[in-house]
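Chemist: Below you'll find the structure I mean.
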Amino acid sequence: MATVFSRILSGEIPAYRVAESDTCFAFLDINPVARGHTLVVPKQETDYIFDLEDVLLADLFSLCRRTAKAIGEVVPCARVGVTVIGLEVPHAHVHLIPINAIGDMDFKSPKKQFSPEEFEVLAQKIRNAVPSA
Ligand code: AMP
(Lines give C-alpha, C1' and ligand atoms only; values in the text may rest on other atoms or scores of the structure.)
Protein backbone atom coordinates (compact mmCIF):
# COMPACT_ATOMS: atom_id res chain seq x y z
CA MET A 1 0.00 0.00 0.00
CA ALA A 2 1.21 3.49 -0.87
CA THR A 3 2.61 5.54 2.00
CA VAL A 4 0.83 8.66 3.18
CA PHE A 5 3.55 10.72 1.47
CA SER A 6 3.07 8.94 -1.86
CA ARG A 7 -0.65 9.64 -1.51
CA ILE A 8 0.17 13.33 -0.98
CA LEU A 9 2.41 13.24 -4.07
CA SER A 10 -0.39 11.74 -6.18
CA GLY A 11 -2.88 14.32 -4.91
CA GLU A 12 -5.03 11.73 -3.15
CA ILE A 13 -4.36 13.41 0.22
CA PRO A 14 -4.17 17.21 0.48
CA ALA A 15 -1.08 18.92 1.83
CA TYR A 16 0.37 22.40 2.07
CA ARG A 17 3.01 21.98 -0.59
CA VAL A 18 5.94 24.40 -0.68
CA ALA A 19 8.55 23.11 -3.15
CA GLU A 20 9.23 20.45 -5.74
CA SER A 21 12.08 19.18 -7.92
CA ASP A 22 12.19 16.38 -10.49
CA THR A 23 12.82 13.81 -7.77
CA CYS A 24 11.65 15.31 -4.45
CA PHE A 25 8.93 17.49 -2.96
CA ALA A 26 8.27 19.43 0.24
CA PHE A 27 5.19 20.30 2.28
CA LEU A 28 4.31 21.60 5.73
CA ASP A 29 4.19 19.04 8.54
CA ILE A 30 0.56 18.74 9.63
CA ASN A 31 1.56 18.42 13.31
CA PRO A 32 4.38 20.98 13.48
CA VAL A 33 6.72 21.35 16.41
CA ALA A 34 7.29 24.93 15.21
CA ARG A 35 5.69 27.31 12.71
CA GLY A 36 7.29 26.53 9.35
CA HIS A 37 8.11 22.88 10.17
CA THR A 38 8.45 21.29 6.74
CA LEU A 39 9.07 17.79 5.42
CA VAL A 40 11.22 17.14 2.35
CA VAL A 41 10.59 13.78 0.72
CA PRO A 42 11.94 11.83 -2.26
CA LYS A 43 9.19 10.92 -4.73
CA GLN A 44 10.61 7.40 -4.78
CA GLU A 45 9.06 5.35 -1.99
CA THR A 46 11.99 4.13 0.09
CA ASP A 47 11.61 3.62 3.83
CA TYR A 48 15.07 4.29 5.23
CA ILE A 49 16.89 7.45 4.19
CA PHE A 50 20.28 5.72 4.15
CA ASP A 51 18.98 3.20 1.60
CA LEU A 52 18.66 6.02 -0.97
CA GLU A 53 21.22 6.10 -3.76
CA ASP A 54 23.85 8.85 -3.45
CA VAL A 55 22.40 10.85 -6.34
CA LEU A 56 18.90 10.86 -4.87
CA LEU A 57 20.25 11.70 -1.42
CA ALA A 58 22.07 14.66 -2.98
CA ASP A 59 18.86 15.73 -4.75
CA LEU A 60 16.98 15.47 -1.46
CA PHE A 61 19.47 17.71 0.34
CA SER A 62 19.54 20.12 -2.56
CA LEU A 63 15.79 20.63 -2.19
CA CYS A 64 16.28 20.81 1.61
CA ARG A 65 18.76 23.63 1.10
CA ARG A 66 16.46 25.63 -1.19
CA THR A 67 13.45 25.05 1.05
CA ALA A 68 15.39 25.95 4.21
CA LYS A 69 16.46 29.27 2.67
CA ALA A 70 12.81 30.07 2.00
CA ILE A 71 11.70 29.01 5.48
CA GLY A 72 14.42 31.19 7.01
CA GLU A 73 13.19 34.19 5.04
CA VAL A 74 9.58 33.72 6.03
CA VAL A 75 9.89 32.56 9.64
CA PRO A 76 12.26 34.61 11.81
CA CYS A 77 14.75 32.16 13.37
CA ALA A 78 18.40 31.73 14.22
CA ARG A 79 18.71 28.59 12.05
CA VAL A 80 16.65 26.08 10.18
CA GLY A 81 17.36 22.84 12.01
CA VAL A 82 17.51 19.47 10.27
CA THR A 83 16.30 16.17 11.74
CA VAL A 84 15.66 12.70 10.38
CA ILE A 85 13.47 10.37 12.44
CA GLY A 86 11.27 8.19 10.26
CA LEU A 87 9.66 6.12 13.01
CA GLU A 88 6.10 7.08 12.05
CA VAL A 89 6.01 7.18 8.27
CA PRO A 90 8.00 4.48 6.39
CA HIS A 91 8.95 6.82 3.55
CA ALA A 92 12.28 8.63 3.85
CA HIS A 93 11.96 12.32 4.79
CA VAL A 94 13.85 15.20 6.33
CA HIS A 95 12.33 17.54 8.92
CA LEU A 96 13.24 21.23 8.49
CA ILE A 97 12.42 23.21 11.63
CA PRO A 98 12.97 26.92 12.33
CA ILE A 99 14.78 27.16 15.66
CA ASN A 100 16.12 29.75 18.07
CA ALA A 101 17.10 27.33 20.82
CA ILE A 102 17.73 23.59 21.12
CA GLY A 103 14.37 23.12 22.85
CA ASP A 104 12.58 24.24 19.68
CA MET A 105 13.33 20.81 18.18
CA ASP A 106 11.62 18.89 20.94
CA PHE A 107 9.32 16.37 19.24
CA LYS A 108 7.76 15.50 22.61
CA SER A 109 6.48 19.03 23.19
CA PRO A 110 2.83 19.82 22.38
CA LYS A 111 2.39 20.35 18.64
CA LYS A 112 1.54 23.82 17.35
CA GLN A 113 -2.01 24.42 16.17
CA PHE A 114 -2.82 26.42 13.03
CA SER A 115 -6.01 26.91 11.05
CA PRO A 116 -6.15 25.71 7.43
CA GLU A 117 -5.99 29.37 6.36
CA GLU A 118 -2.85 29.97 8.45
CA PHE A 119 -1.21 26.85 6.99
CA GLU A 120 -2.11 27.92 3.46
CA VAL A 121 -0.85 31.49 3.86
CA LEU A 122 2.41 30.22 5.34
CA ALA A 123 2.85 27.61 2.58
CA GLN A 124 2.27 30.26 -0.06
CA LYS A 125 4.87 32.59 1.48
CA ILE A 126 7.46 29.80 1.66
CA ARG A 127 6.60 28.66 -1.87
CA ASN A 128 7.15 32.18 -3.18
CA ALA A 129 10.51 32.45 -1.39
CA VAL A 130 12.06 29.20 -2.67
CA PRO A 131 15.07 30.08 -4.85
CA SER A 132 15.43 28.38 -8.20
CA ALA A 133 17.81 25.47 -8.48
P1 AMP B 1 8.60 10.51 11.54
O2 AMP B 1 8.27 9.39 10.59
O3 AMP B 1 8.73 10.03 12.95
O4 AMP B 1 9.76 11.33 11.08
O5 AMP B 1 7.33 11.50 11.58
C6 AMP B 1 6.48 11.66 10.47
C7 AMP B 1 6.02 13.10 10.37
O8 AMP B 1 5.08 13.17 9.32
C9 AMP B 1 5.32 13.64 11.64
O10 AMP B 1 5.95 14.85 12.05
C11 AMP B 1 3.86 13.88 11.17
O12 AMP B 1 3.28 15.00 11.77
C13 AMP B 1 4.05 14.06 9.68
N14 AMP B 1 2.86 13.72 8.89
C15 AMP B 1 2.18 12.54 8.94
N16 AMP B 1 1.14 12.59 8.07
C17 AMP B 1 1.18 13.81 7.47
C18 AMP B 1 0.37 14.47 6.49
N19 AMP B 1 -0.69 13.87 5.94
N20 AMP B 1 0.72 15.72 6.12
C21 AMP B 1 1.78 16.34 6.67
N22 AMP B 1 2.58 15.78 7.59
C23 AMP B 1 2.28 14.53 8.00
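Chemist: Would you pull out the residues with amide H under 5 Å of F25's amide H, same chain only if 5 or more places away, H placed 1.01 Å from N?
Modeler: Answer set, sorted by chain and number: V41, K43.
Chemist: Compute the angle between helix 116-129 and the longest alpha-carbon principal axis of the chain, please, reported from 0 to 90 degrees and rounded to the nearest 10.
Modeler: Around 70 degrees separate the two axes.
Chemist: A further question follows. Just to confirm a number: summing +1 for Lys and Arg and -1 for Asp and Glu over residues other than L28 whose beta-carbon lies under 14 angstrom from that of L28, what do you get?
Modeler: Summing Lys and Arg as +1 and Asp and Glu as -1 gives +1.
Chemist: Now a separate question. Calculate what fraction, in whole %, of the accessible area of the chain sits on carbon and sulfur atoms when a 1.4 Å probe is rolled over the protein chains. Could the numbers behind the result be given before it?
Modeler: Numbers: 4020 of 7470 Å².
Here it works out to 54 percent.
Chemist: Given Cα pairs under 8 Å that are at least 6 residues apart, what percent is the relative contact order of segment 4-129?
Modeler: For segment 4-129, the relative contact order is 31 percent.
Chemist: In what sequence, highest mean first, do 61-69, 91-99 appear when ranked by Cβ atoms within 10 angstrom?
Modeler: Working: 61-69: 19.7, 91-99: 23.7.
Answer by packing, highest mean first, reads 91-99, 61-69.
Chemist: Using the Karplus curve 6.51 cos²θ - 1.76 cosθ + 1.60 with θ = phi - 60°, work out ³J(HN,Hα) for each residue of segment 90-102 in order, rounded to whole Hz, and write x for Gly and Pro.
Modeler: Here the 3J(HN,Hα) series is x, 8, 3, 7, 10, 8, 10, 9, x, 9, 10, 8, 4 Hz.
Chemist: Using only alpha carbons, build the gyration tensor for the chain and give me the equivalent ellipsoid semi-axes, biggest first, whole Å.
Modeler: 21, 16, 16
The values are calculated or read from the model by the stated rules, or taken from the named source; none is laboratory data. All values reported here derive from a predicted model rather than from experimental measurement. Virtual Cβ from ideal backbone geometry, glycine too; neighbours counted across all protein chains shown. Just the protein is used for accessible areas: all its heavy atoms, side chains included, with ligands, DNA and RNA removed. Shrake-Rupley method; radii C 1.70, N 1.55, O 1.52, S 1.80 Å.
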